[in-house]
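The values are calculated or read from the model by the stated rules, or taken from the named source; none is laboratory data. These numbers were taken from a predicted model, which means no experiment stands behind them. Cβ sites come from the backbone with ideal geometry, for glycine too, and all protein chains shown count toward neighbours.
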């Protein structure tokens, strides 16, 4: 089988799998997603209470590069954990950390954009 045939079969399989989820399965996964989002929010709140807004100064100094470094470290950890059990952190914990880092990055970008828009509005007066 050549690459084109493989890609075509893979597309068909993905298409078939996407269309056959039942409303119950979708509802169950939406519930799990919501629970995970709540867990991420609580983790973010706890860590901010313990460490303060530690990512903000790094974002201010290095921009998204600060997050790129964290993403890279966490992705390497995930690659390692998918083949063996970690001593300190599970695969799920690492994936949740990665998701939270991405959310924190978007939060920093959004906050910066809002701050710039506010400054722009205030300069008109």
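Just need a number here: residues in the stretch 106-125 that are in a helix (DSSP H, G or I) and loosely packed, with under 10 Cβ neighbours inside 10 Å.
Here is the first cut: in the stretch 106-125, the ones in a helix (DSSP H, G or I) are 106-123.
Applying the additional criterion that residues be loosely packed, with under 10 Cβ neighbours inside 10 Å yields 119-123.
Matching residues across the stretch 106-125 total 5.
Taking every residue in the stretch 80-94 that is more than 21 Å from residue 33 (Cα to Cα) and pairing it with any residue that is modelled with pLDDT under 85, at least 6 positions away or on another chain, the pairs with Cβ-Cβ distances below 8 Å are 80/86; 81/89. Just one of the listed residues (27, 80, 94) is under 12 Å from the mean Cα position of the chain (by Cα) and either part of a helix (DSSP H, G or I) or modelled with pLDDT under 95 (or both), and it is 94. Against the numbered list (1) surrounded by 11 or more Cβ atoms within 10 Å (Cβ to Cβ); (2) under 19 Å from residue 47 (Cα atoms), residue 88 comes up short only at (1). Just one residue in the set 60, 7 is at pLDDT below 95 and either surrounded by 10 or more Cβ atoms within 10 Å (Cβ to Cβ) or in contact with a strand residue (DSSP E or B) (Cβ under 7 Å, 6 or more places away or on another chain) (or both); that residue is 7.
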